[in-house]
Amino acid sequence: MGSLAIVYRNLDRYEDAEALLRDTLEFTGEVMEARKRVLGEEHRDVAKTTYNMGMIAKSMQDPELARDYFEDALEIFRGSIDEESSEGADCVMQLGYLAEARDDHAEARERFGRALEIHRALGTYDEKTAELLYRCMTAAFELEQWDEAIEFGDEAALLREELLGPDHMLTLAAVYFVARSKVRAGRFADAEEGALMFHDQSLETHRETHDYVTRGRQLLVELYEGWGREDEAELWR
């Protein structure tokens, strides 16, 4: 039903999409109540259903309702199952996304960091782990914690290069933020290689008018201006 709602939105049938999501949320709520009666309120399947209701509420663009469901699901994992599970990590990750959306970067950093800890404890090094590294990096960047942003960004770039390849947009995004963090930290010599690589690889993959290529030029201007190398900055304007 969630996929059909996306189709409706893509067709500008927003009222149909919202009605479908409301019906889905109501039906899933009935499933959850039935599972509570049969399995008990702290059963794993109840937690999973509560999490699914959070995802539906998120699709409905109701962040407060979504947050309530995710926190309820997480409470079940903490109390009777184990927060140190992939399902518990998913709850924490979604709470991180909601914090990020309301520009609460401190909470986002805490939530994403906790989910990352769980994934590392489970020995999981997949795209979800790379995504958590990336989100920790962007939260640290917004908090102007440059060293931490660089550390997380380097890990994200290496893992995404391994999983997706060096030219993938997600890999390049991590490279960009690492270079940008180094510029903001005044580490211009360290930033130069990454900034040039981001620009050049973006240009190889995309047209010159692509947003990534534009960002690469802007980053190089910022780098060389901050470094006091105005002639080189002028070349990238």
Show the residue pairs that are 6+ apart or on different chains and have beta-carbon atoms under 7 Å apart, the first residue being within region 122-142 and closer than 18 Å to Val178 by Cβ and assigned to a helix (DSSP H, G or I), the second being among the acidic types (Asp, Glu) and open to solvent by 60 Å² or more (accessible area, probe 1.4 Å). Leu133/Glu155
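With the structure loaded, tell me whether Glu110 is closer than 25 Å to Gly194 by Cα and open to solvent by 30 Å² or more (accessible area, probe 1.4 Å) or whether it fails that test. Let's see the steps before the verdict.
Details: closer than 25 Å to Gly194 by Cα: no; open to solvent by 30 Å² or more (accessible area, probe 1.4 Å): yes.
The answer is no for Glu110.
Yes or no: Ile76 open to solvent by less than 40 Å² (accessible area, probe 1.4 Å), touching an Asp or Glu at 6+ places or on another chain (Cβ under 6 Å) and within 27 Å of Phe27 (Cα to Cα)? Spell out the reasoning first.
Numbers: open to solvent by less than 40 Å² (accessible area, probe 1.4 Å): yes; touching an Asp or Glu at 6+ places or on another chain (Cβ under 6 Å): yes; within 27 Å of Phe27 (Cα to Cα): yes.
Spelling it out, Ile76 is indeed open to solvent by less than 40 Å² (accessible area, probe 1.4 Å), touching an Asp or Glu at 6+ places or on another chain (Cβ under 6 Å) and within 27 Å of Phe27 (Cα to Cα).
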List pairs: first in region 41-55 and buried (at least 21 other Cβ atoms within 10 Å of the Cβ), second outside any helix (DSSP H, G or I) and modelled with pLDDT under 85, Cβ under 9 Å, 6+ apart or cross-chain? Val46/Gly40; Ala47/Ile81
Looking at region 172-191, I want the residues that are under 11 Å from Asp147 (Cα atoms) and part of a helix (DSSP H, G or I) and have a partner that is of a type in the set (A, V, I, L, M, F, W, C) and open to solvent by less than 40 Å² (accessible area, probe 1.4 Å) with Cβ atoms under 7 Å, at least 6 apart or on another chain. Which pairs are those? Val178/Ile150; Val178/Ala157; Ser181/Phe141; Ser181/Ala149; Ser181/Ile150; Lys182/Ile150; Lys182/Ala191
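The values are calculated or read from the model by the stated rules, or taken from the named source; none is laboratory data. Quick caveat, the model's predicted, so the values are computed rather than measured. Every residue, glycine among them, receives a Cβ derived from its backbone with ideal geometry; neighbour counts consider all protein chains shown. Ligands, DNA and RNA are excluded from the accessible area calculation, which covers all protein heavy atoms including side chains. Shrake-Rupley method; radii C 1.70, N 1.55, O 1.52, S 1.80 Å.
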